[in-house]
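Notes follow once the structure below has been shown.
The values are calculated or read from the model by the stated rules, or taken from the named source; none is laboratory data. The model shown is predicted, which means the values in this text are computed figures rather than measured ones. Cβ sites come from the backbone with ideal geometry, for glycine too, and all protein chains shown count toward neighbours. Each accessible area value is taken on the protein alone, full model and side chains, heavy atoms only, with ligands, DNA and RNA left out. Shrake-Rupley method; radii C 1.70, N 1.55, O 1.52, S 1.80 Å.
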Amino acid sequence: MNLKISALEYVQEVQTGNISAEDFIAKTLEQIQTVDTKLHAFLSVNDNAVVQARQIDKKIKSGEKVGKCFGMPISIKDNICIKDSKTTCASKMLENFIAPYDATVISKLKSEDAVFIGKANMDEFAMGLTTEFSAYGPSKNPWDVNCVPGGSSGGSAVSVSAFECVASLGSDTGGSVRNPASFCSTVGYKPTYGLISRYGLISYANSIEQIGPLTRTVKDTAFLLNIISGIDPNDNTTVDNKNEDYLLGIESGIEGKKIGIIKEMIGEGISPEVLSTTKDAISKLENLGAICEEISLDMVKYSVAAYYTITATEAGSNLARYDNLRYGYEFPVEGYEFNSYISKARRNFGPEVTRRMIIGGFVPSAGHAGKYFLKALKVKSKLTKEINEAFKRFDLLIAPTVPLPPFKIGEKINDPVSLFLVDINTVTANLTGKPAISIPYSISNGLPIGIQLMADSMNDKLLLQTAYALEQTVQLPEVPL
């Protein structure tokens, strides 16, 4: 049985009776058993997946109405709640936490008969961009197991790339879906802020994070977006997309579209192979009828500093609940004094979470808020204004997703500033609330390179059309599992 099919191909194969959901799920679980010992994409696997698929097959045979997913195996990042399942955020602090409810995206996928094949590995509490900061060990890049898969949704990207599922959901706070998508050669989508409900996503930085799909093709992303987007009464930041069909017109082409090449994202610090790939992608878009011109966004050079200041502040607030009273784990206590107890409990946070909690306590504090936090908010405001002006001139913006190819595990883990700068091309979309997509574009020296496209708010449909057009110009080799 061929596991290397897209989501839409899977639906067609099950609908026509060429495959059964049960057989496909069983084969997928075999694939996980075979490859995940070396890749570590999953923190847990759904033991009831085959039974759930069998029930869906029964519905198909009896002529009952079946959801759009037809038992499709989807992996879920382990910071998205599935009722009665462990949701650990890859942290020891939540190692025994059982989610008491479904996230909205989970409820929507369940109603369409998706099967959740397992919970995917991630950087602890989504803080990181290599998946090395998981308390349960790093995931590994299926293209080269000595390299990082990106993060924080690294397990999600690995599971899609290594055919351990058909699609996945991750979360994107500063590129955490697009970065691993680029590193693992999958499609990664960060929607317009508010297009997908965050209800049931364990919070890191509420004002900029979004749930987003990782898939094999752009059409698969549009298919999932049709299911999981829209207004949610449980999340007041959601926006009304008027039941937009993102697959409709996706093949319309991009003749006459104006695309801005972000000068600051192809300059200093970009590797030669990534620059070459980006120029090739721009040339392909021009051949498709687009008009590409360079644009300068001065505030981009301050975006990483602003991003980490704002997110650390929000993270410090969100992580205050992990005091080992409401959430936590068992450890021996000699005597009891509140502050020392909390301090001991929080020693189980990993180094990256600890670093961001400390920064998050410092930058908004009395005497420092004006110097750091308020300045970061000003940068965010100016960057948004600059981007909005850019979209008066251009339909879309283009840049490499990440300025360098996947690097070795351990290479940057002790250099947080160098690691932070890997986010330079992705944080702009989060700070400004714009939709952005990473599509697999080339393989250089055996490692994937992705291209990022960005559109104005609520122009997700145009973004997907352009990404699809570019995707059709590319033929990539299969991952060497």
>> With the requirement that a residue be over 19 Å from Thr87 (Cβ atoms), open to solvent by 20 Å² or more (accessible area, probe 1.4 Å), in contact (Cβ under 8 Å) with a residue 40 or more places away in the chain and not in a helix (DSSP H, G or I), what does region 310-368 give you?
In response: Pro364
> Pairs, please: C-beta under 9 Å, at least 6 apart or cross-chain, first residue of a type in the set (Ser, Thr, Tyr) and in region 281-304, second assigned to a loop (DSSP other than H, G, I, E, B) and open to solvent by 10 Å² or more (accessible area, probe 1.4 Å)?
Replying inline: Ser303/Ile424
> Are there any pairs with C-beta distances below 9 angstrom linking a residue in region 193-204 that is open to solvent by 10 Å² or more (accessible area, probe 1.4 Å) and among the small types (Gly, Ala, Ser) to a residue that is modelled with pLDDT of 95 or more and assigned to a loop (DSSP other than H, G, I, E, B), with the two at least 6 apart or on different chains, and if so which?
Replying inline: Ser203/Asn79; Ser203/Glu209
>> Here are the criteria: (1) outside any helix (DSSP H, G or I); (2) under 24 Å from the mean Cα position of the chain (by Cα). Tell me which single one Thr278 does not satisfy.
In response: (1)
>> Exactly one of these conditions fails for Ala305: (1) in a loop (DSSP other than H, G, I, E, B); (2) open to solvent by 50 Å² or more (accessible area, probe 1.4 Å); (3) of a type in the set (A, V, I, L, M). Give me its number.
In response: (1)
> Any idea which of Asp47, Asp144, Asp78 is open to solvent by 10 Å² or more (accessible area, probe 1.4 Å), of a type in the set (D, E, K, R) and touching a strand residue (DSSP E or B) at 6+ places or on another chain (Cβ under 7 Å)?
Replying inline: Asp144
> Within region 284-302, which residues are part of a helix (DSSP H, G or I) and open to solvent by 50 Å² or more (accessible area, probe 1.4 Å)?
Replying inline: Lys284, Glu286, Asn287, Asp298, Lys301, Tyr302
>> Pull out all pairs, ordered by first then second residue, where Cβ-Cβ is under 6 Å, the residues are six or more apart or on different chains, the first lies in region 429-440 and is within 18 Å of Val304 (Cβ to Cβ), and the second is open to solvent by 10 Å² or more (accessible area, probe 1.4 Å) and basic (Lys, Arg).
In response: Leu431/Lys380
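Residues checked against (1) in a helix (DSSP H, G or I); (2) in contact with a Pro (Cβ under 6 Å, 6 or more places away or on another chain); (3) free of Cβ contacts under 8 Å to residues at least 60 places away in the same chain:
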{"residue": "Tyr101", "(1), (2), (3)": "no, no, no"}
{"residue": "Lys108", "(1), (2), (3)": "yes, no, no"}
{"residue": "Lys119", "(1), (2), (3)": "no, no, no"}
{"residue": "Ala135", "(1), (2), (3)": "no, no, no"}
{"residue": "Ser139", "(1), (2), (3)": "no, yes, no"}
{"residue": "Ser156", "(1), (2), (3)": "yes, no, no"}
> How do the pairs read when you match residues in region 20-37 that are on the phi < 0 side of the Ramachandran plot and touching a residue at least 24 places away in the same chain (Cβ under 8 Å) with residues anywhere that are open to solvent by less than 40 Å² (accessible area, probe 1.4 Å) and of a type in the set (Gly, Ala, Ser), using Cβ under 6 Å and keeping only pairs 6 or more apart or on different chains?
Replying inline: Ala21/Ala53; Ala21/Gly71; Glu22/Ala53; Ile25/Ala49; Ile25/Ala53; Val35/Ala162
> Before we move on, is Gly212 surrounded by fewer than 21 Cβ atoms within 10 Å (Cβ to Cβ), touching a strand residue (DSSP E or B) at 6+ places or on another chain (Cβ under 9 Å) and without any contact (Cβ under 8 Å) to a residue 60 or more places away in the chain?
Replying inline: no
